[in-house]
Amino acid sequence: MMQSSLQAILPALTKIRRQLHAHPEVALTEIKTTQTIIAYLEKHCHGKITTFEPSGVMVEFDSDVPGESTMIRGDIDALPIQEINDFEYQSKFKNVSHKCGHDGHTAILLGLANLLSQTPIEKGKVCLVFQPAEENGKGAALVLENDHFNTLTFDYVYALHNLPGFPLHQIVIKENNFNANVKTLIIDFNGKTAHAAEPEKGHNPFLAIAKTLLFCESITLNEPSKANFFLITPAYSNIGQKAYGISPSEGTLHLTIRSWDLELFDHKIAALKNKINELCKFYHLKVDYHWTEVFFANINDMEATNRIRQAANENKQDVHELAVPFKWGEDFGLFTQKFKGAMFGLGAGLDSPALHNPDYDFPDEITHTGIQTFYKIIQNSHHK
């Protein structure tokens with residue numbers, strides 16, 4: 001029943017996925033994306049629909065019979081990247097495109113919602129969350145702060161991410177850390193402007209920033225196989241201006257920082273701030289620190305991971321047990337901090353361009369694999 005129903009809806013899901021691809025929206029502007037999702041749900045699904053502000057949707061399927069409560073999340077936002085593909089559904093918007101496959105994740109959840117309406121769960125409750133703003137780390141918090149969402153509790157929460165570089169349809173699983181803790185530190189240096197011929201009469205932040213970068217290199221260990229993996233990537237800097245008679249007074253440095261372990265993260269950041277404070281004292285600078293785009297690691301619960309593994313095996317899918325976590329951030333980690341849950345990977349092809357590459361495109365042939373996996377997890381937990 002499920003296979004025939006799934007095959008019947010796949011052409012429409014491909015069409016809607018490509019429609020979303022052609023009309024991408026970045027974090028917290030996914031208004032038309034949300035409208036498209038709601039229109040599909042209202043036409044094909046029987047669940048209770050709730051919207052988030054300013055964007056995002058949840059649909060709830062309640063059996064009215066006691067049982068487990070499950071949440072499955074799919075992200076819906078695009079990226080500020082210019083697409084270089086020239087197929088007919090290429091992005092219609094300059095410098096905005098679906099280069100992480102969230103259009104595909106959305107299609108998977110829409111298909112799952114359709115199947116859950118055709119074959120209702122027999123016990124418990126299932127909620128599908130179409131989450132905005134994953135790329136800037138704000139979307140999960142937006143959902144968790146929603147008044148209605150706060151009335152709900154979940155026994156397990158799940159999400160997937162498509163993975164270029166892995167065989168098509170492969171299910172990638174890992175217990176404990178699935179990916180890294182990632183935060184961006186913004187450091188603002190303030191000194192005193194002077195004539196470029198008399199820099200000693202001012203306080204220029206250039207050397208403090210240069211020595212900060214050297215210190216960052218000294219405390220970085222970019223070896224993901226090690227428990228004390230810690231990586232600082234300079235992402236942005238701005239010092240002075242094209243005014244060659246001026247020794248500048250202000251500079252900013254943005255560092256993207258990641259590790260497996262939060263305690264190690266905090267220890268290294270304390271050492272970094274101590275070093276910067278020493279440098280600023282020596283060079284007579286003031287310094288301010290700000291954090292942005294905070295992603296907590298997805299900590300995969302053992303039982304939740306086992307349920308994904310069981311579902312994949314029952315579906316006769318190829319399963320890959322990941323040895324080392326991924327270094328990227330993903331805001332689903334906020335959900336696994338609050339509820340037992342797990343994220344898994346879905347192979348997008350060995351030859352696929354990488355995520356965030358300008359020529360990446362979600363492969364439509366894996367849509368049914370994502371739906372199958374989620375549906376089997378639900379079937380095993382919500383049918384008598």
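Taking H as built 1.01 Å from N, whose amide H comes closer than 5 Å to the amide H of Asp75, not counting residues under 5 places away?
For Asp75, whose amide H was placed from the backbone, the distant partners under 5 Å are Gln131.
If I ignore ligands, DNA and RNA and count only protein heavy atoms, how much of Trp291 is accessible to a 1.4 Å probe, in Å² to the nearest 10?
Result for Trp291: roughly 100 Å² accessible.
Suppose only helical runs count, i.e. DSSP H with n ≥ 4. What mean residue ellipticity at 222 nm does that imply for the chain under -39500 (n - 2.57) per run, divided by all residues and rounded to the nearest 500 deg cm²/dmol?
Rounded to the nearest 500, the figure is -11000 deg cm²/dmol.
Could you give the length gained on full extension between Leu214 and Gln7, defined as 0.36 nm per residue of separation minus the Cα-Cα distance, in nm?
68.9 nm
Residue-wise, which Karplus ³J(HN,Hα) couplings in Hz belong to the range 368-384, taking 6.51 cos²θ - 1.76 cosθ + 1.60, θ = phi - 60°, and x for glycine or proline?
5, 5, x, 5, 4, 5, 4, 5, 5, 4, 5, 4, 6, 9, 10, 10, 6
Mind checking which aspartates and glutamates have their C-alpha under 19 Å from Lys183, skipping anything on the same chain fewer than 8 residues away?
Glu134, Glu135, Glu217, Glu223, Asp261, Glu263, Asp266, Asp288, Glu293, Glu330, Asp331
Assuming R0 = 25 Å, can you tell me the calculated FRET efficiency for the pair Thr119 and Met302, based on Cβ-Cβ distance, to the nearest 0.05?
0.30
Given a cut-off of 24 Å, name the pairs among Lys242/Lys268; Lys32/Lys94; Lys273/Lys340; Lys99/Lys138 whose C-alpha atoms lie farther apart than that in the structure shown.
Listed pairs above 24 Å: Lys242/Lys268; Lys273/Lys340.
Please turn the phi angles of the range 320-331 into ³J(HN,Hα) values with the Karplus equation 6.51 cos²θ - 1.76 cosθ + 1.60 (θ = phi - 60°), one per residue in order, whole Hz, x for glycine and proline.
10, 8, 6, 8, 10, x, 7, 7, 7, x, 7, 7
Show me, for the range 275-291, the HN-Hα J-couplings you get by feeding each phi into the Karplus relation (A = 6.51, B = -1.76, C = 1.60, θ = phi - 60°), rounded to Hz, glycine and proline as x.
Using θ = phi - 60°, the values come out as 5, 5, 4, 4, 5, 5, 5, 5, 9, 6, 10, 9, 9, 10, 10, 9, 9 Hz.
Name the residues whose placed amide hydrogens come within less than 5 Å of the amide hydrogen of Ile246, ignoring near sequence neighbours (fewer than 5 apart) on the same chain.
Ala196
The values are calculated or read from the model by the stated rules, or taken from the named source; none is laboratory data. Model, not experiment: these values are computed from the prediction. Cβ atoms come from the backbone with ideal geometry, glycine included; neighbour counts cover every protein chain shown. Heads up: the accessible areas ignore ligands, DNA and RNA and are worked out on the full protein's heavy atoms, side chains in. Shrake-Rupley method; radii C 1.70, N 1.55, O 1.52, S 1.80 Å.
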